[in-house]
Structure formats: C-alpha cells, structure tokens
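The values are calculated or read from the model by the stated rules, or taken from the named source; none is laboratory data. Treat the numbers as computed from the prediction; the structure is a model and nothing was measured. FYI the Cβ positions are ideal-geometry reconstructions off the backbone, even for glycines, and counts take in every protein chain you see. Accessible surface areas use protein heavy atoms only, side chains included; no ligands, DNA or RNA. Shrake-Rupley method; radii C 1.70, N 1.55, O 1.52, S 1.80 Å.
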Amino acid sequence: MELPAKYDPALTEDKWYAYWLENKFFHSEPDERESYTIVIPPPNVTGILHMGHVLNNTLNDVLVRKARMDGKNACWVPGTDHASIATENKVVQKLAAEGIKKEDLTREEFLKHAWEWKEKHGGIILGQLRKLGASCDWDRTKFTMDPELSDAVINTFVYFYNKGYIYRGVRMVNWDPIGLTAVSDEEVIHKDTVSKFYHMRYFISDGNGNPTDQYIIIATTRPETIMADAAVCVNPEDERYQWLKGKKVLIPLINKEIPIIEDSYVAMDFGTGCLKVTPAHDVNDYEIGMRHNLPVLDIIDDHGRLNEKAQILVGEDRFEARKKIVAMLQEAGNLEKMEDYTSPVGYSERTNAVIEPRLSMQWFLKMEALAKDALESVESGNVKLIPDKYRNTYRHWMENVRDWCISRQLWWGQRIPAYYLPDGQVVVAETAEKALEAAQAIDASVTAADLRQDEDVLDTWFSSWLWPISVFDTNKAGHPEAEPNKDLAYYYPTNDLVTGPDILFFWVARMIMAGNEFMNDVPFRNVYLTGIVRDKLGRKMSKTLGNSPDPLDLIAKYGADAVRLGMLLCSSAGNDILYDESQIEQGRNFNNKVWNAFRLVTGWNVDEAAQQPEASAVAVKWFDNKLSQVVEIVEDHFSKFRISDALMAIYKFFWDDFCAWYLEAVKPAYGAGIDKTTYEATIGFFDALLKMIHPIMPFITEELWQNMAERKPGETIMNQRYPQAKAYDAEFITAFEMATEAVAGVRNIRQSKNLSPREALDLKVKGAFPAEVLPVVTKLANVNIAEAEGDLSAAQRFMVRTVEMFVPLTGLINVEEEVAKLEAELAYQQKFLDSVRKKLSNERFVANAPEAVVAVERKKEADSLSKIESITASLNALKNN
RNA sequence: GGGAGCAUAGCUCAGUUGGUUUAGAGCAUCUGCCUUACAAGCAGAGGGUCGGGGGUUCGACUCCCUCUGCUCCCACCA
C-alpha cells in the first residue's frame, strides 16, 4: 500500500464520524459499569460555532473520550439553550427586515415565527460540533424549551412559590429598552463611559412658584430626567447649605416647585453637594424617595423615550432629549457649565443597550438560603473549582447575592404560571385547569375565561439551572420528594463541567442551588473553568474587530484534529488562550508526524529468519519501560485537569522518544527486513501510542488504528482500553538517556568537524558507562566503542554525566581551541565546586538540612571533583603534546 | 471605591508542603543538512538569575512586607 507523504484529514474525518454514529458508539445507557457524565454547556439555539466553543467542547470531548477508554460508561449529553432575550431579539429583527412589527402580532403569531426560526437555525451549531469530533450522545439531545423540559421549569416555579421563595413586587429593576424587558443584576455590564457632567442652576422659589435671584447649582449626568425630579437633597451637615432649609426650588424649564430635603446619603465632597432626587430613574434616588415619602414620577417609556409626563420633549429618545434639553437649559440661562466626566454605565449583556433603572412589577426568587447551601457545597469541596482561585470570587458573590429577578417581559420562553383573578388576586399552578381549581377555591364564581395568565416569561437561566437534572428526568425538578428515574439515578451527579468563568454565577452557582434543592446533592464534582480565547495581541475575539476566525474554515484547512490540538496546546485551566494560527499548524505538523511514523512502520517487511539485533532489544526494553513511566505521568496530569501538560507529555513521547530515538534505534538497514520480535513490539507500541493520542486527535488515530491490523466490523479505537502503567525500571530508563546523550555528543563533534554521519568513528569510554545500552550508541552514532587507554590528546572529548568520552581525530584537533574550551569548563566547574563547598562548610546547613539534601550536595561535590580531575588531565595531555 | 489574581528565556507557559533545578518545556531564532517515514522534516546550538526593593531562613523562583505594571470580578457617589 502506497501512502502519500502528507496526511489529508479531509479523506478521513467525515468517514470515521459517520462510522461512529452508525455504530452508536457515543450512545450510553445505564449499566453495571461506573458512569462518567458530562452535560454540555448548552449553546444558544441560534448560535454558530466560535473559537470559545471549540476550546470548551474540545476539552469536554477529551475528558469524555478518555473516560470511555478508561472503561467507564461515558455519556456526554448535548443540547441547546433557548436564550430567550437573544433569540427573541433576532426574531424581532428578522421580522422587522420583512416589514413586520412585533407589536402588530399576537403572542401566538409571534411564537410561531420564533419556532420557525428555531427549526431553521436550531441544528446548525450541533452539526458544527460533529465536525469537531464531539462524541456527544446525540440520541439524548435536549433543548431547554422541549415540552417536558419546560414542564420541569414550570414545576420548579410552582415549587418555589409554594415554598414561599418566589414573590412579586414593584422594585427598581434593570430595564433594557431594546430588549424591552427587565434583566437581572448579573446581566448588566458596567463599563466606564465618557459623558458630561452638567452643572445646572435651580432657582429658589419665592413660595408662589416664581423664581428669586438666588440659585443653587446641581451637577448631573442625566439632565433629561430633571422633569422627574421630586426634590433636591443636601447633606444635613453641610455648612454651605444651611440657608436652604425649608426652602423650595424650581425645576428649570418646567418651573415645577420641589422641596429641599436633607439626607446623609449625599456626599459633601462630590459634585456640588446638591443632589437632584429622581426616584423613578435612579436606584439611590428611589431609596431616598422612599425615606422622604417623595412622589415617583416616571417620565420614560419602555423604549427609553420621554413620555407625556415629562411635559416637554415628549416622544424623544432619552439621549436625543439630553442633547436638546442641554440646548434649552443654555438658552434659558440655567446651564452653569459642562465638564467631561467618565463614569460607569450599565449595559445590557444581550443587547448592549444602556440600562435604564426603572420601577416595575417583577417576580423575584429569594436567594439567601439557596446561596448559603451553594456556598457550602464549594467550601466543603463537594464541588471543586479548577483552578481554585475562583473560590474567592465565588464566595464573595454568594455572600452578597441579591434576590433574583426571574421575570422577563418577553414571549420566547416559559410563561410564568401565575393567574390573576378579576379582583387582582393571584394563584400559581402548573396548568390553567389547576389554576382554575385554585381560583374557584377562593371565589367559586370564577370561570376559566375570567382568569388572566401573567404575560411574562421566565429568565433563561431559570431553565438552564435545571439542566443537569432535566436532561435525564423531567419530573424531578420541582419534586424533590419524587424517586429519580433510572437515568437520573445512574448519571447524576455528573462528573465534570467544563465552562467559562463568565457564567460561573449565571449558571454554575445556580445549578448547584437547584441540585442541592431537588437532588440533595451537587450536580457535578469538578468545574473546570477555561480561559477566554483571545487573539495573539490579547484582544477578545469579536466580530467588529474581525479577529475571530471561523472554526469551520480552520477545520477545512487543517483538519479537526489539528484544530483540537492547536487549541489545547496553551490552555492551562483558567488562563486566557492567546490564539494564533501557528498553533494549529503545529497540530497539523504533529498529525503529519504520526502519519509518517505509520508509513515507516507499516512499510517494513518482516524477515522471519532475522535475529533481533542487540540495539533493537535494548530499544524495545527501554521503550516498554518508558511507556509505563509516561502513562503514569499522563494519568497524573489528567487527574489534576492539566490537559495541556498531559498533551505535551504525549506529544514529546511520540515525537522525541518514539520517532527520534526508538524508531531510529530499531530501523533496519535500507532494503533489509526487520526481525519479527522487534516488529511485533513496535506495532504494540504504536497501538498504545495511538490510544494515548486518541482523546486529543480522534480522527487520525482511528484511521491509523483501523489500518494497522485487520479489524472486525464494529471495532473502534475509541472503545479500546487506555494503556495502563506497569512497574518500570527507572534505572534502565536513565541508562538509555545516557546513551542518547553519548549519541548527541558524537553528533555534535561530527557537526563541528564537518564529518559525514556515514563515516564510522572510534569512541573511547573512560568511566562507568552502562554497558547494556552501548549497542544503541554504536548504531545511532555510527561508532566503534572501546575502553579509553593511552594518549588521547588527539581526541575530541565530551562528558556524559561523570563519564568521559573521546573521539580520536588525528589531525583535526585545534589544540588552542580545545584548551580554551577546557579552561572555560574548568573555571565553571571550579566556581560550581566553590559554591557547593561553601554550602557544605556551613555548619548550620549540615546541621539543619535534611540528610538527603546534604547527601545531594556531597554527591555534587564528588562529581564536580571527578570532572575537574578529568578536565585537568585532558588539559595537561593537550599542553604536553 | 472594594476584592481577587498575575508578573519566570523573543512569544506562550511549567516549576505541585522552600533544598536532587547557579531554573524547564513548546514555539520562535541561529547553524548545518533535500540522509532511502516525514523540509509540515532531520541533526546541532544559543538564549532567562525568575518585575524593582526589603525581610524571614543554613537555604527562596517558591514564604512575608513594600513599590511598579497588567488582568479579572464586584460596586447605587449623582
């Protein structure tokens, strides 16, 4: 079979993915084996794959594939999130492009459009994950708005309502004027924003609503809200404003009279010390207003426009109104000055609209008790955060959590199961029928037609916090007393969760809460928090910067295996990934290395009659030991979620140990056959290597594994056992390392003297070199080895640890150069010896340091002395010649 | 404003109870090679004193303090 010199992933990846699917290798059912479960962080149903997904899902897949090869019953549950605000927004925009306004549609009509959109775009990202090689159990694919999952959400709402954790009330909430909904505190992103600080004159009223010539100056960033001012507030301690007590001022432009009040909230050293109080449009002002019984005048509508209560600029957008009112204030002589000012402004996470603090009626979930338990879950180690630096952040959040605003003024999502009686009383129940029963218990005359269901839907996270439960059992959430079904009992708690730290609170913390509440157990044991994928300049990937490559283009260009390895290369947990295409090239190169090693090995012809050469026997013994050592290291890395370290250990094992040393050591002479013993050992090693690489690069390993031997239909590398570590001979591994160092020493001499590798050289050994590995040195360095004796002044010298080696090169030695080199080496050794001796002569060191440490220093001293001795001898020999 | 974290070769990072490390890896760089698996490769080499300063210790990249720079999270000073 003639294989091309370069590996082409396009020829294999789709083929093997289809094979895996056909054979249902990804599918899991409960059985007697230990389970290993991961639930996918569900991407937005209408989303498309970006580099963050690639990182996250590659890590997930590596963990799942590894667990599967460890003999566990691995189950990776995929699915998507309905992402209510983001999806509803997209649908609104799509409809707008077609000339349809949401306001003109009924709820049912709009939802029909939304479902159509979901059906059209909903599968895209899951298809993209297949390209990446994700071994999800697609038969278990879930969507947070699947009817049964929605039922679970509704049950949960009813459960918490009955428990007294859910309440409804008028609160200052974060209003998104583009999404047209309230959002939770966590969905508000504060960004420093440059604006202006406007200083305005408020004239003192004469008591009859007419201005006097006295005025005070008020500084604000939001002059468009002055019409909603309910008072002007100063600090009671403020000497400057004592004269204002009991007076009233007039709001500019509309000449409305408002009182001066005093509250210690006002900072005397900020602004002018006079604060305009606008209870309807600022959280603090609202609280001051509550304390002083001020009226609340809401002058901004849902869309962020001034309404008729503003009296002026009615219908203008708030930012447009700001510009206009500034001009008007200036005109009227009320504008003292404007200065540049940078302050934090809240933006909607989903729509990027500037959040408008707004008073409205919303539903809330009490968080205190839930947060307390969820904190305990992490503090006790029931849930481990990796890296654990996030524990601090987590604790801080849990200790300061506020009640969760769970209602959203949207249509796409689970509708709140609250029903209002004509008199305004509310009943909460899973279905309209049950609600009617409950309502009739209050008032027997109520009919179904009288009941009005709440218009709002629930926050998306109110469904995704149930994800690790509801993907298995849709009845359990909301029913902690119920028996879990077979799947839930088997797969819960899941093992690992891989996700970004940006949703630690949105999602991870709340899943822990739901898990504790309904399962009385945490939803996962380990949370691996990845970093954020950035470009090589450290900038976040973004559409506007255009620095975000399309993962599918990369897969098409380099192959999924290369993309996976490239992403993993520098992804230690919690650190941001500085992505650079060169890493993916490195991944591709590694693919090619594996491919070519395969070409070499499978190209060999077995010579049944051939005896195993000594060098091969040594190499086989060494590699067998080395394999166990590396497996042990890799397992340790995996157990600590050091995926990139595990990857690098495997990478070097394959490239350096297997290709550069082992294969070279056993490689038969050109044209010659290979002995059977070595060949079979080599195939065995290759088999183990492919298995070790498989979780990281599933496609090429399956391709080569399938071609390495006759396979039966239905066989796959992904169900083979991962190599196990046996006891190994570390001393022998060290001996072999010395052989490689000797080879490198000879090669170095060849290079510096321009000697062909084909020309055999003599190598004289002086000292205790492990004889067993010498055949490898003979073969790879192309040398004849003998004990050192006689005059070696005409030889090039090097050292392997404490063993001296000489390559006699009569006529090629530059004495001056050699002397200089040796003298430099001598000086270095002398200095080293001095430092070691200084340590050893320190009584306190010898007295206090552990014996082992002292022994090491003594060994250093002895080695150094022997080196100095041999260097000196060589120097003398050279000089005397 | 509060809190957390980071600062080690050109770049990205290891360095796991302070001592087998006068510091390791990958990539990049330099030199020589189209050597019969692989130039997406082979062989070899150079490069940092661990952000600055101080302290604890027989001994610090590793612990403490401080300064500088960066990052993230939280936050109602208009």
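I need the peptides A:556-567, A:655-666 ranked by packing, meaning the mean over residues of other C-beta atoms within 10 angstrom, with the highest value on top.
A:556-567, A:655-666
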Check your understanding: Would you list A:S548, A:S150 from the most to the least accessible area, probe 1.4 Å?
Key -> A:S548, A:S150
Exercise for review: State the volume of the convex hull built on the alpha-carbon positions of the range A:270-406, expressed per residue in Å³ and rounded to an integer.
Suggested key: 193 Å³
Study note, to complete from the structure: D (µm²/s, integer) via Stokes-Einstein for the range A:779-881, Kirkwood Rh across alpha-carbon pairs, 10 °C, 1.306 mPa s: value 102 µm²/s
Practice item. Express in nm, to one decimal, how much length is gained between A:Y828 and A:E98 on full extension, taking 0.36 nm for each residue of separation and deducting their alpha carbon distance. Key: 254.8 nm
Check your understanding: With charges set only on the Cβ (+1 for Lys and Arg, -1 for Asp and Glu), what does the dipole of the range A:602-740 come to about its Cα centre, in debye to the nearest 20?
Key -> 340 debye
Study note, to complete from the structure: Per 10 angstrom bin, beginning at 0 and ending with the bin that holds the maximum distance, the Cα pairs of the range A:568-674 fall in percents of 13, 35, 30, 16, 6, 1
Practice item. Run through all the Cα pairs of the range A:693-811 and give the fraction in each 5 Å bin from 0, expressed as whole percent. Key: 2, 10, 17, 15, 10, 7, 8, 9, 9, 6, 4, 2, 1, 0
**Study point:** Size of the range A:406-478 as Cα extents on the principal axes (Å, biggest first)
**Key:** 42, 26, 15
Practice item. Find, to one decimal place in angstroms, the Kirkwood hydrodynamic radius of the range A:608-657, where the mean of 1/r is taken over every pair of different Cα atoms and then inverted. Key: 12.2 Å
Exercise for review: Just order A:508-518, A:473-483 by mean Cβ neighbour count inside 10 Å, highest at the front, would you?
Suggested key: A:508-518, A:473-483
Check your understanding: By a straight-distance test (C-alpha under 18 Å), which aspartates and glutamates pair with A:K102 as possible cross-link partners, with residues fewer than eight away in the same chain excluded?
Key -> A:E88, A:E116, A:D176, A:D301, A:D302, A:E455, A:D456
Revision key, fill the gap. Residues whose modelled amide H sits under 5 Å from the amide H of A:V800, counting only those 5 or more places away in sequence or on another chain, are A:M805
Check your understanding: Taking the range A:135-227 as the region of interest, what is the percent of Cα-Cα pairs per 10 angstrom bin, listed from the shortest bin to the one with the maximum distance?
Key -> 11, 18, 25, 17, 14, 9, 4, 2
Check your understanding: What number in nm² do you get for the range A:70-145 if you take the convex hull of its Cα atoms and divide its surface by four?
Key -> 6.5 nm²
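Based only on Cα atoms, what mean projected area does the convex hull of chain A have, in nm²?
Numbers: hull surface 211.9 nm².
Hull-based average projected area comes out at 53.0 nm².
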Check your understanding: Going by the alpha-carbon gyration tensor, a ≥ b ≥ c the square roots of its eigenvalues, is the range A:627-697 rounded (a/c under 1.5) or, if a/c is not under 1.5, prolate (a/b greater than b/c) versus oblate?
Key -> prolate
Check your understanding: If you put +1 on each Lys and Arg Cβ and -1 on each Asp and Glu Cβ, how big is the dipole of the range A:787-843 around its Cα centre, in Debye rounded to 20?
Key -> 440 debye
Check your understanding: Among the DSSP beta bridges whose two residues both lie in chain A, what percent are antiparallel, rounded to the nearest 5?
Key -> 70 percent
Exercise for review: Summarise the accessible area of the range A:785-881 (1.4 Å probe, protein heavy atoms) by the percent that is carbon and sulfur.
Suggested key: 52 percent
Practice item. Obtain the nm distance between the two label points defined at A:R747 and A:T677 by a simple spin-label model: each point lies 7 Å from its Cα along the Cα-to-C-beta direction. Key: 2.7 nm
**Study point:** Gyration tensor (Cα) of the range A:495-643, equivalent ellipsoid semi-axes in angstrom
**Key:** 41, 25, 13
**Study point:** Helix A:730-753 vs. chain A, principal-axis angle (Cα, 0 to 90°, nearest 10)
**Key:** 80 degrees
Exercise for review: Set the Förster radius R0 to 35 Å, insert the Cβ-Cβ distance between A:N784 and A:A730 as r into 1/(1 + (r/R0)^6), and round the FRET efficiency to 0.05.
Suggested key: 0.70
Check your understanding: For the range A:321-400, which semi-axes, largest first and in whole Å, follow from the square roots of 5 times the eigenvalues of its Cα gyration tensor?
Key -> 45, 17, 11
Revision key, fill the gap. Result for the range A:408-559: accessible area per residue, probe 1.4 angstrom, in square angstrom, of 39 Å²
Revision key, fill the gap. In order over the range A:410-417: 3J(HN,Hα) from phi, Karplus 6.51/-1.76/1.60, θ = phi - 60°, whole Hz, x for each Gly or Pro, gives 10, 10, 7, x, 7, 6, 4, x
Check your understanding: Using mean Cβ contacts within 10 Å as the protection proxy, how do A:193-203, A:114-124 order, highest first?
Key -> A:193-203, A:114-124
Practice item. Work out Dmax and Rg for the range A:414-557 from the C-alpha atoms and quote the Rg first, both in angstrom. Key: 21.9, 70
**Study point:** Separation in nanometres of the label points that stand 7 Å from Cα toward Cβ, at A:Y420 and A:S756
**Key:** 9.7 nm
Practice item. Would you kindly work out the equivalent ellipsoid of the range A:363-437 from its C-alpha gyration tensor and give its semi-axes, the square roots of five times the eigenvalues, largest first in whole Å? Key: 37, 13, 12
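Past the 20 angstrom mark, what percentage of all C-alpha to C-alpha distances in the range A:1-144 do you count?
Working: 5945 of 10296 pairs.
Everything past 20 Å amounts to 58 percent.
Based solely on its DSSP helices, what 222 nm [θ] is calculated for chain A when runs of n ≥ 4 H residues each add -39,500 (n - 2.57) and the sum is averaged over all residues, nearest 500 deg cm²/dmol?
Helix-only estimate at 222 nm: -13500 deg cm²/dmol.
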Study note, to complete from the structure: Each label sits 7 Å from Cα toward the beta-carbon; between A:D185 and A:N842 the label points are separated, in nm, by 5.3 nm
Point to revise | For A:N235, distant residues with modelled amide H under 5 Å away | key: A:D263
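Keeping the other protein chains in place, figure out the carbon and sulfur percent of the accessible area of the range A:108-245, with a 1.4 Å probe.
Its accessible area is 51 percent carbon and sulfur atoms.
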Review point. If you project the alpha carbons of the range A:794-837 onto the principal axes, what extent comes out on each, in Å, largest first?
Key: 39, 22, 8
Review point. Within the range A:696-729, which trypsin sites (Lys or Arg not before Pro) sit in a loop by DSSP and count at most 10 neighbouring Cβ atoms inside 10 Å?
Key: A:R721
Practice item. With r as the distance between the Cβ atoms of A:N392 and A:S572 and R0 = 22 Å, compute the FRET efficiency 1/(1 + (r/R0)^6) and round to 0.05. Key: 0.75
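Over all directions, how big on average is the projection of the convex hull of the alpha-carbon atoms in the range A:642-743, in square nanometres?
Details: hull surface 34.0 nm².
If you wrap the Cα atoms of the range A:642-743 in a convex hull and average its projections, you get 8.5 nm².
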Review point. Taking the range A:200-305, how much of its Cα-Cα pair set, in percent, is spaced more than 24 angstrom apart?
Key: 16 percent
Exercise for review: Quick one: pull the percentage of alpha-carbon pairs in the range A:248-323 with a separation above 22 Å.
Suggested key: 30 percent
Check your understanding: Stretched out fully, how many nm does the piece from A:Q242 to A:A18 gain, at 0.36 nm a residue minus the Cα gap?
Key -> 72.5 nm
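Could you list the trypsin sites (Lys or Arg not before Pro) in the range A:124-171 that lie in coil according to DSSP, counting only those with at most 12 other Cβ atoms within 10 Å of their Cβ?
Answer in residue order: A:K163.
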Check your understanding: Nearest 0.05, what FRET efficiency do A:M738 and A:K821 give at R0 = 25 Å with Cβ-Cβ as r?
Key -> 0.70
